[in-house]
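Asker: This is the structure, below, for whatever I ask next.
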Amino acid sequence: LEFVDPGVGRGYTVPTGTSQTLPLPWNNIDTIIYQFAEDVTGPGGSALALSAFGLFGTSVADYLAADPGTTFSYNNATFEAVITFSSPIANDSMFVTADASQIYDLGGNPFDGNWTDNVSLVSGDGTPGGDFVYNMNVLPGDVVQDELGGNYFVLSNDLIDVVGRQFEHVFLGTPTANYRALSDVNGSAFILNDDLLFVLNHQFDRLATTPAPPVLPGIRSITDSDVEDQLSTVDEGEASADRLADAPTDAATATDALFAAGVHVAADDPDSLDLLSDKEEDHWASAIDDFFGED
């Protein structure tokens, strides 16, 4: 770990640039570490929970749901959230996620997790509230990580690479001349016969196809239809509400909810603003007061 992650020793860090989505070749990946820039909590200052995170793939649709032995911890001194599965991740194309509606800083600001694969260096677009969605690929044995015909395979060139590095190793953090971490399939710090046999036995394995990105129940996930379900009519200068999700108990809360919905819609679809445009806050407040029968 010291060689792969110098000075930290926590594991393989997501690289920069176009190599971010290359398939990882190790056969014993079982832990994902989220490194935050500051201390974070769950909603309302509650403890950060496993439910804020996810791993969704093709071979396994929902890793957290499929593995009841998954463990989770968060260290508020190092700002690390650690998810460990009960068995290693096999051949799969997955999305690693963090739900912004479940992660907040100590000031109550939602997590800024927006991420663009093969471009982003850190998450965020400067506006709090974006979900983190990163495409991670794992193909054990694909040590060369080269693409063939639009996909990735474990082939003879992977075998040749491992054969040519037999007995290369890392000792006290210092590698021998020809050691390469990606060729050390089991991450033992020694490239030996067991690495060679694994690559040999997995010849012609092909990376699973990438699934559709998951839709998280995040802060920016409200759609036009959600708003239309909550508002029956919108008229110039005043509005009437037929029903409101989660039934706000007072006019101020209802007004805030409606304006929040307008902001969320704008983030998703600017064309939807025709539903809410040119409505001043006092008009909304008046309409909601009428709805709740308040003066």
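Asker: Give the long-range amide H neighbours of N76: residues separated by 5 or more places, or on another chain, with amide H under 5 Å away, using H modelled in the peptide plane at 1.01 Å from N.
Answerer: Here the answer is none, since no amide H 5 or more places off falls under 5 Å of that of N76.
Asker: For the range 134-163, list residues with backbone N below 17 Å from a point placed 7 Å from the Cα of Q203 toward its Cβ?
Answerer: Output list for this probe position: 141-144, 153-163.
Asker: For N114, enumerate residues with amide H under 5 Å from its amide H, sequence gap 5+ or separate chain, H modeled in the peptide plane.
Answerer: G124, D125, G130
Asker: Turning to a different aspect of this structure: What Rg and what Dmax come out for the range 1-86 when only alpha-carbon atoms are used, in angstroms?
Answerer: For the range 1-86, the Cα radius of gyration and maximum Cα-Cα distance read 14.3, 40 Å.
Asker: Calculate one ³J(HN,Hα) per residue across the range 75-83 by plugging θ = phi - 60° into the Karplus curve 6.51 cos²θ - 1.76 cosθ + 1.60, and present them in order as whole Hz with x for glycine and proline.
Answerer: 10, 7, 9, 9, 6, 10, 9, 10, 10
Asker: Treat each spin label as a single point 7 Å out from the Cα along the C-beta direction, and report the T58 to Q35 distance in nm.
Answerer: Here the modelled spin labels are 2.9 nm apart.
Asker: Right, something else. Along the three principal axes, how long is the range 11-139 when you take its alpha carbons, biggest first, rounded to the nearest angstrom?
Answerer: Largest to smallest, the principal-axis extents are 40, 33, 25 Å.
Asker: Still on this model: Can you run phi through the Karplus equation (6.51, -1.76, 1.60; θ = phi - 60°) for the range 33-44 and list ³J(HN,Hα) in whole Hz, with x for Gly and Pro?
Answerer: 10, 9, 9, 8, 7, 7, 5, 10, 9, x, x, x
Asker: Sticking with this structure for a sec: With Kirkwood's inverse mean 1/r over C-alpha pairs for Rh, give me the Rg to Rh ratio of the range 112-190, two decimals please. Numbers along the way, then the final one.
Answerer: Details: Rg = 17.4 Å, Rh = 15.3 Å.
That ratio equals 1.14.
Asker: Relative to the present Cα-Cα distance, how much length would full extension add between L121 and A77 at 0.36 nm per residue of separation? Intermediate values should be presented prior to the final figure.
Answerer: Values: separation 44, 0.36 × 44 = 15.84 nm, distance 2.27 nm.
Going from the current span to full extension adds 13.6 nm.
All of the numbers you see were taken from the coordinates with simple rules; none came from a lab. This one's a predicted model, so the numbers in the text were calculated from it and none came from an experiment. We place every Cβ from the backbone using ideal geometry, glycine too, and count neighbours over all the protein chains shown.
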